[in-house]
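A short worksheet on the structure shown next.
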Amino acid sequence: MGAANGKQWVMLVAGSNTWDNYGDQANVCHAYQIVHQNGIPDDQIVVMMYDDIAYNKNNPYPGNIINKPNGPNVYPGVPKDYTGEDVTPDNFLAALKGDRCAVKKRNPKVITSEGNDTIFIYLTGHGGLGRFCFPNSTLYASDLIETIKDMARDNKFSKMVIYMESCYSGSMFTTLPNNIHDNVIRSRQPPQSDIVPNATVTSSPKNEPMLIGYTHISTEGREMYSQEPMPVLHSAQTHEINSYQH
């Protein structure tokens, strides 16, 4: 996935909280384990999750989070970069574009990407038309698109892949400018809703590539290929992904 001599950055976001939304934080924890195992250092991974599951009173195995029945504990080692009330759309956008001053948190970790770097963003949670929900606020499509446009203009990446798993996820990208060629991975095309399964971010039996259902948007047009497995964030295979160009 990374361009020559560029860094790989990863941002993992669970937009929900409470025990009823267990699956979102479980998916983020599992995604972290995959990227960590594939050699991306923690200082290039930003994790946002409310962190109210592992030691929730309803958890029969305190300190454990699993992303599949009888699966391994995926909670150990997950960075606590943004938790609780710090999980907000404003902090997400500020951290994504590397604006420490705009983050409402002391000593925040942010993505300090440059023009030769690649960025992978995973968001999982609830959504509606043109919006993705955070625990106590909302990320709107217009704000996300403006941030991507600003980052492209400021030469903040060579490639970007966004995987959004939520209802109406496709509606978040309908106004992306034509001069930004994109690879947007989403659980539903606009304006469809979806009941998202708990563990669609999965690994192979050998725990090598991350495999996800995806919708591909080509650089030549807007061809849709929904819900096919595609390798992401595995060093030997991610060259297959074409993403943002500016």
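The values are calculated or read from the model by the stated rules, or taken from the named source; none is laboratory data. Only a predicted model underlies this, so the values are computations on that prediction, with no experimental measurement involved. Note that we place each Cβ from the backbone using ideal geometry, even for glycine, and neighbour counts take in every protein chain shown.
One table, with the values for the structure above:
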quantity: Number of the exception - PHE92 against (1) within 19 Å of LYS156 (Cα to Cα); (2) in contact (Cβ under 8 Å) with a residue 12 or more places away in the chain; (3) surrounded by fewer than 22 Cβ atoms within 10 Å (Cβ to Cβ); calculated: (3)
quantity: GLY115 being over 30 Å from ASN5 (Cβ atoms) and either modelled with pLDDT under 95 or buried (at least 18 other Cβ atoms within 10 Å of the Cβ) (or both); calculated: no
quantity: In segment 35-71, the residues that are of a type in the set (S, T, N, Q), at pLDDT below 95 and either loosely packed, with under 11 Cβ neighbours inside 10 Å or touching a His at 6+ places or on another chain (Cβ under 7 Å) (or both); calculated: ASN38, ASN67, ASN70
